[in-house]
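One structure is given below, encoded as structure tokens.
The values are calculated or read from the model by the stated rules, or taken from the named source; none is laboratory data. This is a predicted model, so every value here is computed, not measured. So basically every Cβ, Gly included, is an ideal-geometry build from the backbone, and we count neighbours across all protein chains shown. Quick note on the areas: whole protein, heavy atoms, side chains included, nothing else; ligands and nucleic acids left out. Shrake-Rupley method; radii C 1.70, N 1.55, O 1.52, S 1.80 Å.
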Amino acid sequence: MTRFGAAVQKIDERIPGVDLPLMSVSQTKGVVRRSELTDAPQRAESLDAYKVCRKGDVVFNKMKIRSGAMGVAHEDGLVTYHYEVLRPREGMNPRYIVHLMKSSWFTSELIARERGISAGGEHGGIRTTEVPFTVLRTIDVLLPEIHEQRAIADYLDRETARIDTLIEEQQKLVKMLHMRRRAVVDAALSQGLDSEAGLSETGNPWIPELPCGWKAVRAKRVLVFGPANGVSPLAGDSDDLKSLSLGAIRDGRVSMAPEVTKFVDRSSLASTEALRLHPGDILLVRGNGNVDLVARAGLVGPEFAAEEYIYPDLLIRIRVSSSMLSEFFVWACNASATRAQVQAQARTAVGTFKVSGGDVRSLVLPLPPMHEQRAIVAHLDEQTSKIDSLITESERFIDLARERRSALITATVTGQIDVRELV
């Protein structure tokens, strides 16, 4: 075993006025020109303070090192201060260094040494992590001879490329399934279930045509409670009151999974009864950094009857009248026609898109007769559950493939797999 500092040296070269392309680091593509990842203009007016990376250098994002955002530079370029530039010493293969740093074993060593850096935000300190090179260099690593490093890098390049291809295919399938799901919902909410039903003009630009017997109404016409914003109480102990995070809104439902549940201090609230969630309530996302998630709706299920949950200030709670099923409102709110309205109304504040209660009230929704609402809800529940099962299977395959990829890299760079036997 040898200290990692014996394999690489930190480079901090800056050349004001140099004409080099701006580079970025991707988890999947490695070090590439920034223009290949985005067409957004660069933030800095001058690149004089940017670091220079040379062909063959190892570059990684200091704030995303645990997620494997690193790679080998294939050309000279410039990178921001968020990136660290490491130059392999003589006898070191840069591709082997990258695989070594991406192994779960190396990551565990990072976690043991990392230090927290607080990034302030609108809703408290978001924790990111950084391992300075002075600490990184002290990690003990296995550094075989250069010819073995090349053999390991060649083997892992080949095998991980195969796994990455499978992952990419499954990701494309998931994307297609989400498109299919959206199409099923939009068809049911714009055409109904009877394809032979006539269409009538509504005179509304958001919903130009609807099946005969349907109306287009403002959401305020079917609301009996709300929109009411939540609150942001202090954090509490594990036996205190429960609240939800924005991630609780999932595919038209409100989840109470542990990862979207947090405990809050009951004593920091004047009253909890007005904030308590009840089965049949509808929660909408009031604000999010992704405009496509703003005003997404979820139905509070019967499991909440036995639990005391409140909701945070970036969620809105509403209830609907007897003229519209709660389930139908959720489907309609998440449909493409409504999403277009939300995107037109949403406002930005410190990088967050938001809608107000007035925006929610003004949304134009389809209102079929009650018997058609029931039929549409049953149809969509059945059809989307089939699609959701396929999405879950594909996402599980992706997770397993990534675990396999990580395990393969770790086993190889730690000597558990002898690549000489695999040539």
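Given R0 = 30 Å, the distance between the Cβ atoms of S104 and N290 translates into a calculated FRET efficiency of 0.55.
Computed over the Cα atoms of segment 17-104, the ratio of the radius of gyration to the Kirkwood radius (Rg/Rh) comes to 0.96. Computed extension gain for S271 through E75, at 0.36 nm per residue and net of the alpha carbon distance, reaches 64.4 nm. The computed Cα extents along the principal axes in Å for the structure shown corresponds, within [x] 77, 55, 47; [y] 66, 47, 41; [z] 88, 49, 44, to [x]. Stretching T138 away from R162 to a fully extended chain increases their span by 5.3 nm, per 0.36 nm per residue minus the current alpha-carbon distance. Residues of the chain were split at every exposed loop site, defined as chymotrypsin sites (Phe, Trp or Tyr not before Pro) in a DSSP loop with at most 16 other C-beta atoms within 10 angstrom, and the longest piece left, sites excluded, is 207-423. Long hydrophobic helices in the chain, taken as whole DSSP H segments with a C-alpha length of 24 Å or more on their own axis and mean Kyte-Doolittle hydropathy at least -1.0: 146-191, 370-413.
For an R0 of 60 angstrom, estimate the FRET efficiency from the Cβ-Cβ distance between S323 and D48 and round to the nearest 0.05. Efficiency at R0 = 60 Å is approximately 0.40. E209 contributes about 90 Å² of solvent-accessible surface, heavy atoms of the protein only, 1.4 Å probe.
Charge tally around I15: other residues with Cβ under 11 Å, Lys/Arg +1 each, Asp/Glu -1 each, net -2. Of all lysines in the structure, the ones whose alpha carbon falls short of 24 Å from that of K172, not counting any fewer than 8 places away in one chain, are K29, K386. When ligands, DNA and RNA are left out and all protein chains stay put, how many square angstrom of accessible area per residue does the chain have with a 1.4 Å probe? Value returned for the chain: 51 Å² of accessible area per residue. When every Cα-Cα distance of segment 278-323 is counted in 10 angstrom steps from zero, the calculated P(r) takes the values 26, 50, 23, 1 percent.
Using just its DSSP H runs of length 4 or more, each adding -39500 (n - 2.57), the chain gives a mean residue ellipticity at 222 nm of -11000 deg cm²/dmol after division by all residues. Counting only protein heavy atoms and using a 1.4 Å probe, the accessible area of H278 comes to about 70 Å². For the chain, the antiparallel share of DSSP beta bridges with both residues in that region comes to about 95%. Local charge for L315 was computed over the other residues whose Cβ lies under 11 Å away, with Lys and Arg +1 and Asp and Glu -1, and equals +1. Hey, any idea what % of the chain's accessible area is carbon plus sulfur with a 1.4 Å probe? Looking at the chain in its full context, I get 50 percent from C and S. Each of D388 and T38 was given a label point 7 Å from its Cα along the Cα-to-Cβ line. The distance between the two points is 3.3 nm.
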